[in-house]
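**Student:** Let me give you the structure first, and then I'll get to my questions.
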Amino acid sequence: MPKVSNLAFFGLVLSAYAFYVEYKHEHESDDPNEEPFVALCDIEAISASCSQVFALPEGKLLSYFGIVEAGSMLDQPNAVLGALYYGTILLTLRKNYPMLKFIMSCMAMSSSIYLAIVLTTLKELCILCWTTHILNTLLLAKFFKGLKQSKSEKTIKSV
């Protein structure tokens, strides 16, 4: 199984690219002479389009669920939330916070499950999205294993 650092770094890169795609589409020029931006994850041959998925209301989960007001400074795309999650993992690699990492991973996985259900329901293929869902699953497994090891070490020390 890949190392946590590799998974988190890959997730951070994917989140940054997702944010870039969203930014490019939000700021596209109306100039007919300018070639439109086509994301690497928009693959017409297999009907895959991350750009369409990112534009869905669920693309900003915090405002979609009413946690923050739509259009506010805190109403950030899921890509930003992902970057914060993966960045936090990278920053805490050397720290032993198994419960915190597990809880963060559960939150990320909850989002992944919800978004995977939305993608499946809408019959949308977003390769970048599914890749992050897989990363979140792998990270959850890693952090669950780390949490179990941490608890067993505490049990051994207390005996």
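**Student:** Every residue in segment 11-36 that is surrounded by fewer than 18 Cβ atoms within 10 Å (Cβ to Cβ) and either acidic (Asp, Glu) or closer than 18 Å to residue 131 by Cα (or both), please.
**Tutor:** Listed by number, the residues that qualify are 13, 16, 17, 20, 26, 28, 30, 31, 34, 35.
**Student:** Another question, then. Filter segment 51-74 down to the residues that are farther than 13 Å from residue 118 by Cα, hydrophobic (A, V, I, L, M, F, W, C) and touching a Phe, Trp or Tyr at 6+ places or on another chain (Cβ under 9 Å) and list them by number.
**Tutor:** 70
**Student:** Run down 39, 8 and say which single residue is open to solvent by less than 60 Å² (accessible area, probe 1.4 Å) and either without any contact (Cβ under 8 Å) to a residue 40 or more places away in the chain or acidic (Asp, Glu) (or both). So that I can check it myself, show each step before the final result.
**Tutor:** Details: 8 fails: either without any contact (Cβ under 8 Å) to a residue 40 or more places away in the chain or acidic (Asp, Glu) (or both).
Matching residue, one of 39, 8: 39.
**Student:** Any idea how many residues of segment 42-77 are in contact (Cβ under 8 Å) with a residue 60 or more places away in the chain and open to solvent by 40 Å² or more (accessible area, probe 1.4 Å)?
**Tutor:** Number satisfying all stated conditions: 5.
**Student:** Among all residue pairs at least 6 apart or on different chains, which show Cβ distances below 7 Å where the first residue, located in segment 86-102, is at negative phi and the second is of a type in the set (Phe, Trp, Tyr) and open to solvent by 40 Å² or more (accessible area, probe 1.4 Å)?
**Tutor:** Going by the 7 Å Cβ cut-off, the qualifying pairs are 90/9; 102/144.
**Student:** Name every residue in segment 65-84 that is in a helix (DSSP H, G or I) and either farther than 22 Å from residue 105 by Cα or in contact with a Leu (Cβ under 9 Å, 6 or more places away or on another chain) (or both), in order of residue number. Before the answer, list the steps.
**Tutor:** As a first pass, look at segment 65-84 and keep what is in a helix (DSSP H, G or I): 78-84.
Result: 78, 79, 81, 82, 83.
**Student:** Determine which single condition residue 96 fails, assuming it passes every other condition in (1) closer than 28 Å to residue 26 by Cβ; (2) assigned to a loop (DSSP other than H, G, I, E, B).
**Tutor:** (1)
The values are calculated or read from the model by the stated rules, or taken from the named source; none is laboratory data. Computed from a prediction, not measured in an experiment: that's the story for all the values here. Because the Cβ atoms are built from the backbone with ideal geometry, glycine has one as well, and the counts that use them run over all protein chains shown. These accessible areas exclude ligands, DNA and RNA; they are computed on the full protein's heavy atoms, side chains included. Shrake-Rupley method; radii C 1.70, N 1.55, O 1.52, S 1.80 Å.
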